[in-house]
Amino acid sequence: MQGEVLSPLGCARVGVCPRSKKLTAQQGLTEGLGCTEPWSSSFSGLCLLPVQDKRRGQAAGPAGAIMAEKVNNFPPLPKFIPLKPCFYQDFEADIPPQHLNMTKRLYYLWMLNSVTLAVNLVGCLAWLIGGGGATNFGLAFLWLILFTPCSYVCWFRPIYKAFKTDSSFSFMAFFFTFMAQLVISIIQAVGIPGWGVCGWIATIAFFGTNVGSAVVMLIPTVMFTAVAVFSFIALSMVHKFYRGSGGSFSKAQEEWTTGAWKNPHVQQAAQNAAMGAAQGAMNQPQTQYPATPNYTYSNEM
């Protein structure tokens, strides 16, 4: 196209106004601005056309800002596995600053629960080698592959979404599923024989059969107990925050009735409002007082 020119920002093509007076451009002026191709020797007035950054594969908005597309990044899988991540997770970008620590602690609790299930599989293997039944080892393997993804989807994603969009429905979904998680953690810590968990009852009873295997079983037993305690503390803290912020079951029911819990525009507006409130609270000026007090005395007696 004659008279076509390369923009110095991103080497994007722009149109030419034929009614404008022709000007002369210098060759190779774009090196410091990211372009590798020189400008044309002559061009007219420029009419900006919709541009696309081909290097990044992202479309530019009306103000020239590039809209980044969110790509699923969790769970992080090796490249040789023919599977792709299922969720997008970015604490700093999604969660308001006042909820960031709590959200990360709940994520660490999920990780602890997953690691505990893996250690429990090792404990049940020691239980099998020491003379226990193979049922416990089989169930331990089932709990590992079942509870690890289910706990992430059923209670961590709802609380992640709740803190992200301030959704009462998501909070209620978290409370119901996490209470079930707490009950399961308590049962795992108790350790009923034949249920595929190395709890206190099964471990203490096996000390009379094989001490070495029982010592190995004691490790997941302590970890199950820690998960149960931390789960109770986390549930109490989230419930206290939710009630203190004015949340209620009727509010969650209203979101369910109106469909606001699944409306992306409503969720984005709530997220922007929460982020704005957090930034406003952080940027609020504080009254400063002088280090040395100044007292004014009256001369009147």
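The values are calculated or read from the model by the stated rules, or taken from the named source; none is laboratory data. Worth saying up front: this structure is predicted, and the values here are computed from it rather than measured. FYI the Cβ positions are ideal-geometry reconstructions off the backbone, even for glycines, and counts take in every protein chain you see.
Scanning the range 204-241 for residues that are free of Cβ contacts under 8 Å to residues at least 12 places away in the same chain and of a type in the set (Phe, Trp, Tyr) returns a single hit, Phe207.
The residue list Lys84, Lys104 contains one member that is at pLDDT 95 or above and of a type outside the set (Gly, Ala, Ser), which is Lys104.
Mind telling me which of the residues Val153, Val183, Val115, Val122 ends up being in a helix (DSSP H, G or I) and touching a strand residue (DSSP E or B) at 6+ places or on another chain (Cβ under 9 Å)? Write out each step before concluding.
Working: Val183 fails: touching a strand residue (DSSP E or B) at 6+ places or on another chain (Cβ under 9 Å); Val115 fails: touching a strand residue (DSSP E or B) at 6+ places or on another chain (Cβ under 9 Å); Val122 fails: touching a strand residue (DSSP E or B) at 6+ places or on another chain (Cβ under 9 Å).
Only one candidate qualifies: Val153.
Screening Phe232, Phe241 for residues that are at pLDDT 95 or above, surrounded by fewer than 17 Cβ atoms within 10 Å (Cβ to Cβ) and either over 25 Å from the mean Cα position of the chain (by Cα) or not in a loop (DSSP other than H, G, I, E, B) (or both) leaves exactly one candidate, Phe232. Of the residues Phe171, Phe176, Phe163, Phe156, the single one that is surrounded by fewer than 20 Cβ atoms within 10 Å (Cβ to Cβ) and either within 21 Å of Ser236 (Cα to Cα) or at pLDDT below 95 (or both) is Phe176.
Number of residues in the range 99-115 that are among the polar types (S, T, N, Q) and closer than 13 Å to Tyr160 by Cα equals 2. Going by the structure shown, is Met179 in contact (Cβ under 8 Å) with a residue 60 or more places away in the chain and hydrophobic (A, V, I, L, M, F, W, C)? No. Scanning the range 125-150 for residues that are loosely packed, with under 14 Cβ neighbours inside 10 Å and in a helix (DSSP H, G or I) returns Ile129, Ala134, Gly138, Leu142, Ile145, Leu146, Pro149, Cys150.
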